[in-house]
């Protein structure tokens, strides 16, 4: 084999990426790097649908439990971490699998994004005080391209911080990447999301949320996202458990649609059904021998 490739598997939340990646990594002598902005957090196990201990024992996983919920971790941090792990995995004569649904994490690695210096916290604080409309006006006034999601304040702030930097694009993918997307029917995806949501609630999410709430501030990004704010509404008496389950399903469905929108813009992804990936991957690997 000329060069061990980087196998990239992407898709929406609950599409079966983890189980598929474990099966393939075992078969093709690989290790998995999770490209997931939720599973990087320590102690957030149930609510982030993190690979279980049993799953992690089957194949070596990286990109899990990297930081505490009140610590910062950027796409640039992930890019460096992932590239380091890709190098280390290859030194062990194994194939790196980059697997996840966090589009910016994946793109940062496969398109070699360039990131500027760390944001000036004082400037960011001032920008965060502005409304979405004010941020949009600022971009237009200073000739800064609006992000694709121009209604998202965080994206607008990051666009302003980057200024007119247009280096990053999806025009040229790294030449060692085999990039696969999980093609799943909407009806099946909805069913899988509903099933996983119930598993999360049956698995002890309320106790996990209580523990996290005692230890960490609700001001941290990790505590504001994921399922935890919804569960906290149960614990504080605001909604019923059934209503929380319904809201969590809706939130994950919206997340899945955003992820699909992001990945569908990438023409380099080969979209396949789960049962088609193994054959496709074997053919691609054999062509490298």
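The values are calculated or read from the model by the stated rules, or taken from the named source; none is laboratory data. In this text the structure is predicted, and so the values were computed from the model without any measurement. Don't worry about glycine lacking a Cβ; one is built from the backbone with ideal geometry, like all the others, and counts go over all protein chains shown.
Structure above, values below:
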{"item": "So residue 20, is it at pLDDT below 95, in contact with a helix residue (DSSP H, G or I) (Cβ under 6 Å, 6 or more places away or on another chain) and surrounded by fewer than 23 Cβ atoms within 10 Å (Cβ to Cβ)", "result": "no"}
{"item": "Residue in the stretch 249-256 that is touching a residue at least 12 places away in the same chain (Cβ under 8 Å), crowded, with 20+ Cβ neighbours inside 10 Å and part of a helix (DSSP H, G or I) present", "result": "yes"}
{"item": "Candidates 86, 7, 33, filtered to the one that is part of a helix (DSSP H, G or I), closer than 20 Å to residue 268 by Cβ, touching a strand residue (DSSP E or B) at 6+ places or on another chain (Cβ under 9 Å) and not assigned by TED's automatic domain parsing to the domain that holds residue 191", "result": "86"}
{"item": "Residues of the stretch 102-121 classified as modelled with pLDDT of 85 or more, farther than 16 Å from residue 62 by Cβ and not in a helix (DSSP H, G or I), total", "result": "3"}
{"item": "Test result for residue 43, part of a loop (DSSP other than H, G, I, E, B), surrounded by fewer than 23 Cβ atoms within 10 Å (Cβ to Cβ) and not assigned by TED's automatic domain parsing to the domain that holds residue 223", "result": "yes"}
{"item": "Filter result for residue 126 (at pLDDT below 85 and farther than 28 Å from residue 226 by Cα)", "result": "no"}
{"item": "Every residue from the stretch 207-226 that is surrounded by 17 or more Cβ atoms within 10 Å (Cβ to Cβ) and either assigned to a helix (DSSP H, G or I) or modelled with pLDDT of 95 or more (or both)", "result": "208, 209, 212, 222, 223"}
